[in-house]
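Asker: A single structure is presented below for examination.
Each reported figure results from applying straightforward, stated rules to the coordinates on display, with no laboratory input. Quick caveat: nothing in here was measured; it's all calculated off a predicted structure. Because the Cβ atoms are built from the backbone with ideal geometry, glycine has one as well, and the counts that use them run over all protein chains shown.
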Amino acid sequence: MVHRAAGPDQSVAHPFASLLITLRSIRYRFELPRGAAELATKVAKARRAPCWERVLRSVGPDVPPEYADAVPGWLAELFEPGLP
């Protein structure tokens, strides 16, 4: 039997991808400088954009406005100079 779960965070991905939100939360909570775990952050951002794209495509034209920029937003962060 195959079980399928829905959600933007559920995919087969590099282990670093699961660290993205955790690392961001820790960094913001403790006001740490950017630069910690740069590789993990880059890999995770690269994975988040296509993940969100699949989710939003499955929703169709009824995507809530607050999610409309999820894919371009993650890609912009990935290529923004000076960010890990």
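Asker: Grab the other residues whose beta carbon is less than 13 angstrom from that of Pro72, score K and R as +1, D and E as -1, and report the net.
Answerer: That works out to -2.
Asker: So, one more: Quick one: Asp62, Asp69, fewest Cβ neighbours within 10 Å first, how do they rank?
Answerer: Placing the least packed residue first, the sequence is Asp62, Asp69.
Asker: How far apart, in nm, are the 7 Å Cα→Cβ label points at Leu32 and Glu53?
Answerer: My value for the distance between the label points is 3.0 nm.
Asker: While we're looking at this one, here's another question. From the phi of every residue in region 52-65, what ³J(HN,Hα) in whole Hz does the Karplus formula 6.51 cos²θ - 1.76 cosθ + 1.60 yield, where θ is phi - 60° and glycine or proline is x?
Answerer: 5, 4, 5, 5, 5, 5, 5, 6, x, x, 8, 5, x, x
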